[in-house]
Amino acid sequence: EHSLEVELPLLQYFAGNKEIVPLVCGQLGLEDAVKIGNALRKLMTKDTLLVISSDFTHYGHNFRYVPFAKDIKNNIRNLDMGAIDCILKCDTEGLYNYVEHTGATICGHCPLMVGIAALAPEKLKGALVNYANSGELSGDWSHCVSYAGISFF
């Protein structure tokens, strides 16, 4: 797990003297993700900033994920947008079922489930801030990873 060691110095720099509580999570089932999310919600205040890091689809033979061979760019985008829709709705069960059904290689889907379970969706509005895919930069759609920036306020 390298995201924490990469992100922690940035978070420390921008947070100043604020307390940071890192949490790394491995594979979880839906029930455990919801339990952890509910426990986190009880600890959060109006000043809490919850940061969750995950890539989205890892496509290509090296990732052992090639569910389609044509129109890869649009198919990956459509696949990711299905997961993003669940996240924006704070639908933990929907995200779990979506990943199980599609086999989407969203490496941080478990932390995402915990995070959206920790949110109070009736009090939040979510927005997709940015979406990109490494294929756009490299031109290689046979081996690419997608990314999304999502914000709740």
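A few remarks follow.
- Net charge of neighbours whose Cβ lies under 14 Å from the Cβ of LEU30, counting Lys and Arg as +1 and Asp and Glu as -1: -4
- Amide H contacts under 5 Å for CYS107, placed H, 5+ residues apart: ASP55
- With Cα atoms, 0 to 90° folded angle of helix 3-15 axis to the chain main axis: 50 degrees
- Within the straight-line cut-off of under 28 Å between alpha carbons, the lysines reachable from LYS123 are LYS18, LYS35, LYS42, LYS46, LYS89, sequence neighbours fewer than 8 places apart in one chain being disregarded.
- Straight-line cross-link reach from LYS125 at under 19 Å between alpha-carbon atoms covers these aspartates and glutamates, not counting any fewer than eight positions away in the same chain: ASP47, ASP85, ASP91, GLU93.
- Here the stretch 15-102 is treated as a sphere whose radius is the Kirkwood value from Cα pairs; by Stokes-Einstein at 37 °C and 0.692 mPa s it diffuses with a coefficient of 210 µm²/s.
- In the chain, the longest principal axis of the Cα atoms and the axis of helix 92-102 are about 20 degrees apart.
- Solvent-accessible area, 1.4 Å probe, carbon plus sulfur percent, for the stretch 40-153: 52 percent
- Size descriptors for the stretch 106-145 (Cα atoms only): Rg and Dmax, in that order, 14.7, 41 Å.
- Across the stretch 116-123, coupling constants 3J(HN,Hα) worked out from phi with the 6.51/-1.76/1.60 Karplus curve, θ = phi - 60°, read 6, 5, 6, 7, 9, x, 5, 10 Hz, and Gly and Pro carry x.
- Stokes-Einstein D (µm²/s) once Rh is taken as the Kirkwood radius of the stretch 2-153 over alpha-carbon pairs, at 10 °C in 1.306 mPa s: 97 µm²/s
- The long axis of helix 30-43 is offset from the longest Cα principal axis of the chain by roughly 40 degrees.
- Spatial separation of Cα centroids for the stretch 124-153 and the stretch 62-92, in angstrom: 10 Å
- Shape class of the stretch 65-124 from the Cα gyration tensor (axes a ≥ b ≥ c, square roots of the eigenvalues): prolate, since a/c reaches 1.5 or more and a/b is larger than b/c.
The values are calculated or read from the model by the stated rules, or taken from the named source; none is laboratory data. As the structure is a computational prediction, the values presented were derived from the model and not from experiment. Every residue, glycine as well, gets a Cβ built from its backbone with ideal geometry; the counts of neighbours run over all protein chains shown. To get the accessible areas, we keep the full protein, side chains included, count just its heavy atoms, and leave off ligands, DNA and RNA. Shrake-Rupley method; radii C 1.70, N 1.55, O 1.52, S 1.80 Å.
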